[in-house]
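Notes follow once the structure below has been shown.
Derivation of every value follows stated rules applied to the coordinates shown; laboratory data play no part. Keep in mind the model is a prediction, meaning the values are calculated, not measured. We place every Cβ from the backbone using ideal geometry, glycine too, and count neighbours over all the protein chains shown.
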Amino acid sequence: MAIAEPSPCLMLVAGEASGDLHGATLSGALRNHAPGWRLVGMGGSRMAHAGVELLANPADRAVVGASEAVSRLPHLYRAFRVLCRALKAERPRVLVLIDFPEFNLRLARAARRLEIPVVYFIPPQVWAWRPGRARLLARLASRILAVFPFEPPIYEAAGGRVEFVGHPLVDLLPNGLSREGARHDLGVPRDATLVGLLPGSRREEVERLLPPMAEAARRIRERVPDARFLASPASTVDPTLVERLLRGAPLELVRGRTYEVMAAADLLLVASGTATLEAALIGTPMVVCYRVSRLSGLIGRLLIRVPWVSLANIVSGRGVVPELLQGDATAARLAEEAVSLLKDRDRLRAQRLAFDELRGALGTPGVAERAARRILEVAGYRAAVAS
């Protein structure tokens with residue numbers, strides 16, 4: 001009796017909540033094209049739900065800043081060893097790396113030593129810091145799937161084989177989400193002045209940013225008496241922590257409705273990160289803020305090569321939205337910027353116009369499909385490429 005050969009295998013590796021989200025969408029597209037192939041790797045609950053056999057899950061240990069990341073090292077070292085053993089045992093047709101460059105570039109080296117092709121989806125932000133990694137990735141990756149339109153020339157100049165597939169958020173934002181519909185769902189009157197508070201997806205972010213945001217809401221209310229405030233921390237944040245930090249603040253807490261809050265708001269106070277790009281794609285004006293430890297802030301000032309931290313500004317190539325960082329991210333400054341914007345229709349309109357341009361630069365829907373086709377092409381699965 002003939003022994004059936006094991007199913008072909010792909011390994012996908014993501015290390016944070018955003019990577020888990022995009023990895024899940026990508027995994028769904030891969031399974032649609034190659035339903036008989038196994039998916040294994042590292043990620044979180046979303047990737048597991050999408051059919052990835054998780055060998056490690058660091059997504060629930062995400063932290064902020066260089067100095068804070070030290071606490072994750074033992075866990076990540078164990079995960080790295082598990083994945084290296086799996087590369088040898090499983091011999092995946094392709095190793096698919098999703099963001100998380102400090103970890104994933106090391107894993108790419110291990111894969112290349114085993115002659116396993118590497119595809120990097122959401123590659124390192126070499127345009128922001130550590131440009132030398134472009135040359136490293138060009139050597140290690142069989143294909144680089146860029147998500148920003150300005151990335152291909154950078155990696156091509158380094159000798160990489162790169163393709164712009166679009167940003168995965170284009171696939172994830174809900175279609176037909178209007179200001180009126182979102183306000184109806186949230187119970188907000190059409191003519192109310194609404195400010196949304198988005199303090200981030202990690203505990204450290206929320207602890208540092210939610211208190212000044214809440215105090216800023218009190219100050220804004222003094223100058224804009226009809227203003228309403230909705231806070232929408234990510235589902236990854238402990239609810240009891242949020243409730244403790246918000247005690248007595250003049251706002252409502254909304255869970256699991258972040259996109260509705262973005263669409264309904266006249267203005268957002270938002271932590272720098274993926275949320276700034278999501279808000280820009282939805283078209284809502286914002287004030288961006290961020291705080292890390294003093295040591296992490298110093299390291300960032302020494303290494304970062306772009307004049308902004310928010311993706312809304314970086315992708316636009318100019319200072320479209322105000323950024324309040326470190327010591328400037330105070331309740332007084334947040335309130336001042338927010339009131340100034342709410343009272344200046346021209347500034348609000350300028351942000352929205354810039355967001356229209358940004359939206360057109362990030363590609364068309366079908367990002368996960370395009371990425372899956374390129375991955376399976378590298379893996380030698382021609383059916384997906386031809387379909």
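Could you tell me how many degrees, from 0 to 90 and to the nearest 10, lie between the Cα long axis of helix 101-113 and the main elongation axis, the longest principal axis, of the Cα atoms of the chain? Here the helix axis deviates by roughly 10 degrees.
A convex hull fitted to the Cα coordinates of segment 70-208 yields 181 cubic angstrom per residue.
Beta bridges from DSSP with both residues in the chain: antiparallel share about 0 percent, rounded to the nearest 5.
Between segment 227-259 and segment 328-354, the alpha-carbon centres lie 21 Å apart.
Using a Gaussian network for the chain with springs between C-alpha atoms less than 10 Å apart, which of these wobbles most: Ala158, Ala111, Ala192? Residue with maximal mean-square fluctuation among Ala158, Ala111, Ala192: Ala192. Angle of helix 331-342 to the longest C-alpha principal axis of the chain, folded into 0 to 90 degrees and rounded to 10: 80°.
Taking label positions 7 Å along the Cα-Cβ direction at both Glu357 and Arg318, the computed distance is 0.5 nm, reported to one decimal. Over the Cα atoms of segment 336-387, the radius of gyration divided by the Kirkwood radius equals 1.42; this is the Rg/Rh ratio.
Taking the Kirkwood radius as Rh and the Cα radius of gyration as Rg, segment 179-361 has a ratio of Rg/Rh equal to 0.94. Working from Cα positions, state the angle (0 to 90°, nearest 10) between the long axis of helix 367-379 and the longest principal axis of the chain. Tilt of helix 367-379: around 20 degrees. Pairs of C-alpha atoms in the chain farther apart than 26 Å represent 54 percent of all such pairs. In the chain, the calculated helix contribution to ellipticity at 222 nm averages -14500 deg cm²/dmol per residue, counting -39,500 (n - 2.57) for every DSSP H run with n ≥ 4. The relative contact order of the chain, computed from alpha carbon pairs under 8 Å that lie at least 6 residues apart in sequence, is 16 percent.
Binning the alpha carbon pair distances of segment 214-276 at 10 angstrom intervals from zero yields the distribution 20, 54, 26, 1, expressed in whole percent.
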